[in-house]
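Novice: Starting off with a structure, shown below.
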Amino acid sequence: MKPIESLVKDNVKNLKPCVHGAEVYGAAEETGFKAEEILDFSSSVNPLGPSQKALDAIINAFDRIEAYPDSNSNTLRQTLADHFGNINKENIIVGNGSTELMYLFAETFLKKGEKALMAAPTFSEYERAVRKTGESVKFVRLNNDFQIEAETFRRDMTGCKLLFLCNPNNPTSKLIPEEVLTEILDAALSQDILVFLDEDFLEFVEQERNITMISKIYEYPNLFVLRSFTKIFGLTGLRCGYGIANKEIVDLMLCAKIPWNVNCLAQPAAIAALKDEQHLKLTHELINQEKAWLNKELGQFRGFNFSAPDANFFFIDIRDTNFTANAIKHRMLKQGILIRDCSSFVGLNEFYIRVAIKTHEENLRLINAFKKTLNPV
Ligand SMILES: Cc1ncc(COP(=O)(O)O)c(C=O)c1O
């Protein structure tokens with residue numbers, strides 16, 4: 001038998017392993033804490049967890065486990081269409097987490113020799129999704145304020161097939177200004193370039209309804225808007241996300257996806273979560289309050305440089321602390337707190353960390369652990 005390595009496709013062989021936040025299991029092994037004892041600030045999800053109504057829906061759906069789920073998540077798609085009001089079920093595709101839809105989008109549209117453009121830094125799965133198809137990635141560095149320069153992006157998109165954008169961006173926690181987004185969308189449309197716009201964190205932004213591009217899918221038939229039940233809805237482990245686009249895009253992706261991709265517990269849980277407005281209201285209140293508090297508290301540490309976040313996480317330049325992100329991460333971990341060392345992001349060095357906004361008690365523990373790790377002013 002030949003070595004297995006000689007049998008693998010080149011594009012798979014060249015893939016790098018995934019690096020993400022939420023590595024609580026690895027962190028538990030390293031520290032001796034139990035996974036549930038570690039406070040995870042590396043994963044930016046709803047600190048209140050999912051809605052009780054979603055949990056009840058899961059329990060009520062237990063007796064459906066013996067059958068296959070609805071392969072195209074029709075009831076959930078209709079509920080989403082009713083929720084937004086200005087789109088139809090035919091404009092929506094549901095995925096096993098929104099990550100599945102990144103891979104599906106690249107697989108559906110990238111032909112041999114074609115390229116995808118994305119910012120650096122941004123969420124790393126866009127790059128992996130493209131590389132897995134065997135096609136190539138072109139990065140555009142963000143400027144010194146971690147913003148996209150519309151002109152550079154416009155120039156670099158020529159000759160590309162797809163653009164990946166993240167609004168607000170992970171890990172920078174910054175919104176793309178509306179005029180920049182519109183300029184990029186117009187330029188992409190005029191050059192037949194498809195735009196994958198990840199709005200997974202947009203629901204944490206107060207002006208979400210005015211900023212979202214969901215209603216623009218008719219104006220921009222090249223646009224695919226991504227959303228998730230992982231982040232604000234807190235259904236992280238269930239794996240459910242969705243995309244909104246022109247019917248032609250959705251139909252192609254529905255054909256290309258694997259069957260039964262979203263399980264029979266995730267579908268009713270997502271429907272119940274979407275309808276629980278009270279839970280979302282409490283979440284927004286908590287995030288706004290704690291964002292202001294953390295903004296003040298994190299500002300007391302010498303060498304922490306950051307601007308107010310647009311999303312539910314802080315992105316901090318720590319080069320003036322004389323520590324690397326890895327050193328801070330391990331010192332924090334000894335105190336049972338996991339933060340994100342951002343050095344794996346393309347375009348960043350070893351001097352950036354990301355921390356999520358959690359409940360007040362948890363945020364207090366974060367600040368106390370930073371105090372033990374660093375010297376306050
Ligand atoms: C910007 C962004 N999009 C998508 C995802 C993945 O979301 P999901 O859990 O829906 O696959 C993440 C996860 O961290 C993310 O940061």
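Novice: Calculated FRET efficiency, Glu5 and Ala67, Cβ-Cβ r, R0 30 Å, to nearest 0.05?
Specialist: Working: r = 40 Å, r/R0 = 1.34.
So the FRET efficiency works out to roughly 0.15.
Novice: Next up: Provide the percentage of antiparallel DSSP beta bridges, counting only those with both residues in the chain; round to the nearest 5.
Specialist: If we restrict to bridges inside the chain, about 45 percent are antiparallel.
Novice: To continue, here is another question. Test of understanding: what is the full-extension gain from Asn74 to Arg319, defined as 0.36 nm times their sequence separation minus their Cα-Cα distance? The partial results should precede the final answer.
Specialist: Numbers: separation 245, 0.36 × 245 = 88.20 nm, distance 4.91 nm.
Fully extending the segment from Asn74 to Arg319 adds 83.3 nm.
Novice: Under 1.5 on a/c is rounded, so check that first for segment 1-138, then, if it is not, pick prolate when a/b is larger than b/c and oblate when it is not; a ≥ b ≥ c are the square roots of the alpha carbon gyration tensor eigenvalues. Kindly include the intermediate steps, with their values, before the conclusion.
Specialist: Details: a/c = 1.72, a/b = 1.18, b/c = 1.46.
Since a/c reaches 1.5 but b/c is at least a/b, the shape of segment 1-138 is classed as oblate.
Novice: Under 5 Å between amide hydrogens, which residues at least 5 positions from Asn246 or on another chain qualify, with H placed 1.01 Å from N in the peptide plane?
Specialist: Amide H neighbours of Asn246: Leu223.
Novice: Could I ask something else about it? Among Ser98, Ser343, rank each residue by its count of other Cβ atoms within 10 Å, from fewest to most, as a rough exposure measure. Please list the in-between numbers first.
Specialist: Values: Ser98 24, Ser343 16.
The most exposed by this proxy come first: Ser343, Ser98.
Novice: At most 15 other Cβ atoms within 10 Å plus a DSSP loop assignment makes a site exposed; report the longest stretch of the chain without any exposed chymotrypsin sites (Phe, Trp or Tyr not before Pro).
Specialist: On the way: sites that count: Tyr218, Trp260.
So the longest stretch without any such site is 1-217.
Novice: Taking amide hydrogens as modeled 1.01 Å from N in the peptide plane, which residues meet the under 5 Å criterion relative to Val140, leaving out close sequence neighbours?
Specialist: Those lying under 5 Å, H to H, from Val140 are Met118, Ala119, Ala120.
Novice: Phe139 to Thr152: extension gain in nm, 0.36 nm per residue of separation minus the Cα-Cα distance?
Specialist: Values: separation 13, 0.36 × 13 = 4.68 nm, distance 1.09 nm.
Gain in length upon complete extension: 3.6 nm.
Novice: Could you line up Asp198, Asp320 from fewest to most neighbouring Cβ atoms inside 10 Å?
Specialist: Asp320, Asp198
Novice: How many angstrom separate the Cα center of segment 12-58 from the Cα center of segment 295-330?
Specialist: Between the Cα centres of segment 12-58 and segment 295-330 lies a distance of 21 Å.
Novice: Tell me, what ³J(HN,Hα) does each residue in segment 62-72 have, in order and in whole Hz, if you take phi through Karplus 6.51 cos²θ - 1.76 cosθ + 1.60 with θ = phi - 60° and put x for Gly and Pro?
Specialist: Per residue, the Karplus-derived 3J(HN,Hα) values read 3, 6, 8, 4, 6, 10, 5, x, 4, 4, 9 Hz.
Novice: Still on this model: Can you tell me how segment 249-351 classifies by the Cα gyration tensor, rounded, prolate or oblate, using a/c under 1.5 as the rounded cut? Numbers along the way, then the final one.
Specialist: Working: a/c = 2.56, a/b = 1.65, b/c = 1.55.
Because a/c hits 1.5 or more and a/b exceeds b/c, segment 249-351 counts as prolate.
Novice: Got a sec? Charge dipole of segment 70-265, +1 on Cβ for Lys and Arg, -1 for Asp and Glu; which of Val94, Ala188, Ile232 is way out at the positive end?
Specialist: It is Val94.
Novice: Across the chain, where is the longest run that never hits trypsin sites (Lys or Arg not before Pro) in a DSSP loop with at most 12 other C-beta atoms within 10 Å? If you can, show how the numbers build up before the last one.
Specialist: Details: sites that count: Lys9, Lys34, Lys111, Lys112, Arg302.
Between exposed loop sites, the widest span is 113-301.
Novice: Under a point-charge model restricted to the Cβ atoms of Lys and Arg (+1) and Asp and Glu (-1), what is the dipole moment magnitude of segment 96-174 relative to its Cα centre, in debye to the nearest 20?
Specialist: That gives segment 96-174 a dipole magnitude of about 240 debye.
Novice: Excluding same-chain residues fewer than 8 positions from Lys372, which lysines have a Cα within less than 20 Å of its Cα?
Specialist: Lys296, Lys329, Lys334, Lys358
Novice: Please work out whether the chain counts as rounded, prolate or oblate from its C-alpha gyration tensor, where a ≥ b ≥ c are the square roots of the eigenvalues and a/c under 1.5 means rounded, while otherwise a/b larger than b/c means prolate and anything else oblate? Could you put the intermediate results ahead of the total?
Specialist: Numbers: a/c = 1.40, a/b = 1.21, b/c = 1.16.
Since a/c stays below 1.5, the shape of the chain is classed as rounded.
Novice: Just to be sure I understand: of the beta bridges DSSP finds with both ends in segment 70-265, what percent are antiparallel, rounded to 5?
Specialist: Numbers: 9 of 27 bridges.
Antiparallel bridges make up about 35 percent of those DSSP assigns within segment 70-265.
Novice: May I ask you to list the GluC sites (Glu not before Pro) in segment 261-369 that are in a DSSP loop and have at most 16 other Cβ atoms within 10 Å of their Cβ? It would help to have the intermediate numbers written out before the result.
Specialist: On the way: sites: Glu277, Glu285, Glu290, Glu297, Glu350, Glu361, Glu362; in loops: Glu350.
Of the GluC sites (Glu not before Pro), the ones in loops of segment 261-369 whose Cβ has at most 16 other Cβ atoms within 10 Å are Glu350.
Novice: Spelling out what I want: for every residue of segment 142-155, take phi, set θ = phi - 60°, compute 6.51 cos²θ - 1.76 cosθ + 1.60 (Karplus), and round to whole Hz; glycine and proline get x.
Specialist: Listing the rounded values in order: 6, 6, 5, 8, 6, 10, 6, 8, 4, 5, 5, 4, 4, 5 Hz.
Novice: Pop the C-beta distance of Leu48 and Gln289 into the FRET formula with R0 = 22 Å and round what comes out to the nearest 0.05. Don't skip to the answer; put the middle values down first.
Specialist: Numbers: r = 12 Å, r/R0 = 0.57.
E between Leu48 and Gln289, to the nearest 0.05, is 0.95.
Novice: Follow-up. Amide H neighbours of Asn170 under 5 Å, at least 5 residues apart or on other chains, H built in the peptide plane: list them.
Specialist: Sorted by chain and number, the residues that satisfy this are Phe123.
Novice: Another question, then. Tell me, what HN-Hα J-couplings in whole Hz come from the Karplus equation 6.51 cos²θ - 1.76 cosθ + 1.60 at θ = phi - 60° for each residue of segment 182-194, using x for Gly and Pro?
Specialist: Per residue, the Karplus-derived 3J(HN,Hα) values read 5, 4, 5, 4, 5, 5, 5, 4, 5, 10, 6, 9, 7 Hz.
Coordinate-derived values only; no laboratory data. The structure presented is a predicted model; accordingly, all values stated were derived computationally and were not measured. Note that each Cβ is placed from the backbone with ideal geometry, even for glycine, and that neighbours are counted across all protein chains shown.
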